[in-house]
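Below you'll find the structure, written out as structure tokens, and then a few comments.
The values are calculated or read from the model by the stated rules, or taken from the named source; none is laboratory data. Note that the coordinates shown come from a computational prediction; the quantities given were computed from them, not determined experimentally. Counting neighbours? That spans all protein chains shown, and the Cβs are built from the backbone with ideal geometry, glycine included. Quick note on the areas: whole protein, heavy atoms, side chains included, nothing else; ligands and nucleic acids left out. Shrake-Rupley method; radii C 1.70, N 1.55, O 1.52, S 1.80 Å.
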Amino acid sequence: KRPPTVICYICGREYGTKSISIHEPQCLKKWHQDNDLLPKHLRRPEPKKPEVRPVQARGMYDLDSLNEAASISAQNQLVPCDICGRTFLPDRLIVHQKSCK
């Protein structure tokens, strides 16, 4: 059986429940660096960590609900191409639009 994983709300990748707390601050820092390099019209507001309430008296979280909210948050970071409508991360959109017909 695979160990439980958590989806990063910023990049959408899966991480172990212990390493997600290490990953998220680094991922957010990288997100800010990348976002600052984009042209002004492609800059995005900072992604907000989804709030998921504990479901058990001991303060445990429902991993499925947490992962679903994080996945939606990561998908909201994608920007649609004005030409074809496909969605990309903002830095990849610039590359895509050079060859989109």
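If you check GLY85 against the conditions, is it on the phi > 0 side of the Ramachandran plot and out of contact with any helix residue (DSSP H, G or I) (no Cβ under 7 Å at 6 or more places or on another chain)? Here the answer is yes, as GLY85 does meet what is asked. Entry remark, the stretch 56-68: residues being surrounded by 13 or more Cβ atoms within 10 Å (Cβ to Cβ) and either assigned to a loop (DSSP other than H, G, I, E, B) or modelled with pLDDT of 85 or more (or both) number 4 in total. For ILE22, the stated conditions hold: it is among the aliphatic types (A, V, I, L, M), in a helix (DSSP H, G or I) and loosely packed, with under 12 Cβ neighbours inside 10 Å. For the condition more than 13 Å from the chain's Cα centre (by Cα), open to solvent by less than 40 Å² (accessible area, probe 1.4 Å) and of a type outside the set (Phe, Trp, Tyr), GLY12 does not qualify. Candidates are the residues of the stretch 69-88 that are open to solvent by 80 Å² or more (accessible area, probe 1.4 Å) and free of Cβ contacts under 8 Å to residues at least 24 places away in the same chain; the one that is nearest to the chain's Cα centre (by Cα) is ILE72.
Say whether the condition of being at pLDDT 90 or above, within 24 Å of ILE94 (Cβ to Cβ) and touching a Leu at 6+ places or on another chain (Cβ under 9 Å) is met by at least one residue in the stretch 28-37. Within the stretch 28-37, one or more residues are at pLDDT 90 or above, within 24 Å of ILE94 (Cβ to Cβ) and touching a Leu at 6+ places or on another chain (Cβ under 9 Å).
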